[in-house]
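The values are calculated or read from the model by the stated rules, or taken from the named source; none is laboratory data. All values derive from a computational prediction rather than experimental measurement. Counting neighbours? That spans all protein chains shown, and the Cβs are built from the backbone with ideal geometry, glycine included. Areas reflect the complete protein model, heavy atoms only, side chains present, ligands, DNA and RNA absent. Shrake-Rupley method; radii C 1.70, N 1.55, O 1.52, S 1.80 Å.
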Amino acid sequence: MSKTPLAAFAVALLLSSSALAADAPGASPEADSIYFGGDILTMAGKDPSYVEALVVDDGEIIFAGTKLDAMGLRGPDTRLIDLQGHTLLPGFIDTHGHMIYFGKNMIDADLFGTLDIPELIARMKVQAAKTPPGDWIVGFGYGARNLKEGRAPTIEELNEVSADRPVLIVDSSGHLGSANSALYRLAGVSAATPDPEGGSFARKPGSSELAGPMEETALNMVRKQRPPFTGELADRVATGAVELWASYGQTTASECGLGLGDDDVDIVRNAIDKNLLKIDLYVCAKDSVADKVIDAGRAVAAEYADAEVADRSIAQQDLIAATGATAPGDTARKLLQLRPDLDKRYINRVRLGGIKFWLDGSIDTAWFTQPYTNNPPGKTGVYSGFQQIPDEVLDAAFDRFWTSGIQINMHMNGDAAVEQALRAIEKAVAKYGMRDHRPVFIHATYMRPDQIKRMQQYGGIPSYLTSSLVSGGAGALFLWGGERGNKAVAANTLEQMGIPFTFSHDAPVSPQPWILTLVDAGVNRATPDGVVIGPKERVTPYVALKAVTAYAAHQIKEEDTKGTLEMGKLADMVILEQNPLKVDPKTIKDIRVLETIKEGATVFSLAP
């Protein structure tokens, strides 16, 4: 449809008038909203600090201080928001999750809490009945050690779900799984297929025939062949996950492993083009598809890059979209989401920030310098876990990215994996000097004291899965022994040393993308049986909150705009029913999120 002269005139008028208004002398800010009437915990500083009122305008915090001064910024249209005794905090930041992967899992069978294999098979049969013909039948969330049988389902047991349709189950860690005969045939895996480096296919006793279970890189070989999510299904992956993340108070999500599915890049591109995201998404590309993701990022940036468009008001964008008029720069439809912080690293709420490497596995496959105290099921002899990638691969990555803006994120649980990471960093520093890279030590579950000091020297930041202490602490004590188990997730040691760290849920490794559960676990470190794992590593509720706010913003290099409630920062906020600093610490996980606010706009509300 051709553009009318009236439409073109309207656009030109709006562009010119808004520019004049912005330059008008003596213009005073008129607040969009003023928050008061509850605890407003800024998270700024070493100790807790509160303000009486907080003022938001155009997506930014323009004042934090006394209520009297805040009301001086009130205008005729300002919303006055009485917190009614509830608590306002900075929006929570997800420093290591898998939002896109989780969005897919929301369409799959939920296997969390299964007690035995018959129950698991029954759930998968329900999933099979509602899965369209031609699609894989997939479930996620079981734990082999938690099943009554103490093992994963076999190929024959999964054949009961379907003999001719692909069936895949993945455990709650995301590192172990099992498949039926049809899926193995489709994937081209047979008795003659060798185990890939860093993984294995379980074999039947005394033969090379597939038993069904697989782990680590072997699992990745199979699951990456899943058919792509497209169209409305791709929309649901993104929007469903965003709704869930926001309901837990998160204003920044992460997908740290983009490329686990071959369609991941297309799903994110779809979300960008349709502007589907209500919260920010920090992306780390899986190492094996880094070039593909970086190339895709460059293509997106080239299509959307337009400095004039980035500075336009929401009203200008709406008018251009409504009329179809051509805007300066000739970008009528490829419009950037306006950001109050003008952070050009984001394109419609998506930012490529890092590359993700897996150096070892989960609690059963963590790579240690010393053998396990007790071997996991199925492992015999001297067992120290798996090395996932050779040193040369990681060294090459640091050669490429150490001096760039792309952060290297490394999954590690055992001290041998930590050592591999530190060696690579030390080589990079020797070649290129120190940089403000902030390499992320994902999980870093067990680090020796000497490794912690070296990590501090190079600005490394651990991102701890604290809720694993609740669900897997007893297992760690059994498998790794008390010395390693009780020093796992050494948060208090790091706090005393002045090293920032974060708490992350790694969802779907956690069954939900919860944040306050992480805070609770960091404070209490107690298993369901009441056993405290490493009592000396407990932190205060305030420090635990910093790990999901101020420290989290530092990890993703957005501390200038996120993480605390201070003037000039984004109005990314969460309203909690109670103040985590003023309740029984054992009940922090039970506090409800009442509202999540992204740049001044509500993106989740518990109330209708």
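Along the stretch 453-465, what does the Karplus equation 6.51 cos²θ - 1.76 cosθ + 1.60 (θ = phi - 60°) give for ³J(HN,Hα), rounded to whole Hz, x for Gly and Pro?
Per residue, the Karplus-derived 3J(HN,Hα) values read 5, 5, 4, 4, 4, 9, x, x, 10, x, 10, 8, 8 Hz.
With a ≥ b ≥ c taken as the square roots of the eigenvalues of the C-alpha gyration tensor of the stretch 450-608, please select rounded if a/c is under 1.5 and otherwise prolate if a/b is larger than b/c or oblate if it is not? Intermediate values should be presented prior to the final figure.
Numbers: a/c = 2.15, a/b = 1.34, b/c = 1.60.
Note, shape of the stretch 450-608 comes out oblate.
Where Lys and Arg each count +1 and Asp and Glu each count -1, what net charge lies around residue 43 among other residues with Cβ under 13 Å from its Cβ?
On the way: positive: 46, 546, 562, 569; negative: 39, 47, 559, 566, 572.
Charge balance in the 13 Å sphere: -1.
Within the stretch 187-203, find all residues whose amide N lies under 14 Å from a label point positioned 7 Å from the Cα of residue 262 along Cα-to-beta-carbon.
Those under the cut-off are 187-189.
Only loop residues by DSSP count here, and only those with at most 11 other Cβ atoms within 10 Å; note down the trypsin sites (Lys or Arg not before Pro) in the stretch 493-587 that meet that.
Values: sites: 525, 536, 538, 546, 557, 562, 569, 582, 586; in loops: 525, 538, 557, 562, 569, 582.
Loop-located and lightly packed - 582.
Anything over 24 Å Cα to Cα? Flag those among 148/379; 344/453; 487/546, in the order listed.
Numbers: 148/379 19 Å; 344/453 35 Å; 487/546 21 Å.
From the list (148/379; 344/453; 487/546), the Cα-Cα distance tops 24 Å for 344/453.
Send over a whole-number figure in Å² for the accessible area per residue of the stretch 142-184, probe 1.4 Å. Spell out each step's value before the answer.
Numbers: 1480 Å² over 43 residues.
With all protein chains present, the stretch 142-184 gives 34 Å² per residue.
Give me the one-decimal nm value for the distance between modelled label points at residue 566 and residue 236, 7 Å along each residue's Cα-to-Cβ direction.
4.4
For the full complex of protein chains and a 1.4 angstrom probe, list 577, 156 by accessible area with the highest value first.
On the way: 577 55, 156 90 Å².
Most to least solvent-accessible, the answer reads 156, 577.
Which value, in Å², gives the accessible area per residue of the stretch 534-608 when a 1.4 Å probe is used on the protein heavy atoms?
Details: 2960 Å² over 75 residues.
Computed with neighbouring chains in place, this is 40 Å² per residue.
Quick query: amide H of residue 37 versus all other amide H atoms, modeled in the peptide plane; which residues come in under 5 Å with a sequence gap of 5 or more or a different chain?
Here the answer is 83, since their amide H atoms fall under 5 Å of that of residue 37.
How much of the accessible area of the chain, probe 1.4 Å, is carbon plus sulfur, in whole percent? Can you show the working numbers first?
Values: 13430 of 24270 Å².
Looking at the chain in its full context, I get 55 percent from C and S.
Net charge around residue 75, counting only other residues with Cβ within less than 13 Å of its Cβ (Lys, Arg = +1; Asp, Glu = -1)? List each step's numbers first, then the result.
Working: positive: 74, 79; negative: 30, 32, 57, 58, 77.
Local net charge: -3.
Of the options 168, 90, 543, report the single residue whose Cα projects farthest towards the positive end of the charge dipole of the chain (beta-carbon charges: Lys, Arg +1; Asp, Glu -1).
168
So how strong a dipole does the stretch 162-305 carry about its Cα centre when Lys and Arg Cβ are +1 and Asp and Glu Cβ are -1, to the nearest 20 debye?
It comes to approximately 300 debye.
Just add up the charged neighbours of residue 389: K/R +1, D/E -1, any other residue whose Cβ is under 9 Å from the Cβ of residue 389. Numbers along the way, then the final one.
On the way: positive: none; negative: 197, 287, 391, 392.
So the surrounding residues net to -4.
Sort the stretch 460-554 into rounded, prolate or oblate with this rule: let a ≥ b ≥ c be the square roots of the eigenvalues of the Cα gyration tensor; rounded if a/c is under 1.5, and if a/c is not under 1.5, prolate when a/b is larger than b/c, oblate otherwise. Before the final figure, lay out the partial values.
Details: a/c = 1.72, a/b = 1.27, b/c = 1.35.
Verdict is oblate for the stretch 460-554.
Can you give the accessible area of residue 86, probe radius 1.4 Å, in Å² rounded to 10?
Taking all protein chains as shown, residue 86 has close to 50 Å².
Rounded to the nearest 0.05, what FRET efficiency do residue 602 and residue 209 have when you use their Cβ-Cβ distance and R0 = 56 Å? Intermediate values should be presented prior to the final figure.
Numbers: r = 56 Å, r/R0 = 1.00.
FRET efficiency, residue 602 to residue 209: 0.50.
Over the stretch 358-494, what lengths in whole Å, largest first, do the semi-axes of the equivalent ellipsoid take, defined as the square roots of 5 times the eigenvalues of the alpha-carbon gyration tensor? If you can, show how the numbers build up before the last one.
Working: eigenvalues 144, 52, 27 Å².
Largest first, the stretch 358-494 gives 27, 16, 12 Å.
Where a ≥ b ≥ c are the square roots of the eigenvalues of the C-alpha gyration tensor, would you call the stretch 161-226 rounded, which needs a/c under 1.5, or, failing that, prolate if a/b is larger than b/c, or oblate? Could the numbers behind the result be given before it?
On the way: a/c = 1.42, a/b = 1.04, b/c = 1.36.
Taking the square roots of the gyration eigenvalues as a ≥ b ≥ c, the stretch 161-226 is rounded.
Give the distance, in whole Å, between the Cα centre of the stretch 405-455 and the Cα centre of the stretch 220-260.
First find each Cα centre; the distance between them is then 28 Å.
Sort the following peptides by mean Cβ neighbour count (other Cβ atoms within 10 Å, averaged over residues), highest first: 277-287, 448-458, 102-112. Spell out each step's value before the answer.
Working: 277-287: 24.5, 448-458: 15.5, 102-112: 20.8.
Top of the packing list down: 277-287, 102-112, 448-458.
Residue 419 accessible area, nearest 10 Å², 1.4 Å probe?
40
What order, most packed first, do the peptides 408-418, 62-72 have when packing is the mean number of other Cβ atoms within 10 Å of each residue? Kindly include the intermediate steps, with their values, before the conclusion.
On the way: 408-418: 27.1, 62-72: 15.9.
Ranked by mean Cβ neighbours within 10 Å, highest first: 408-418, 62-72.
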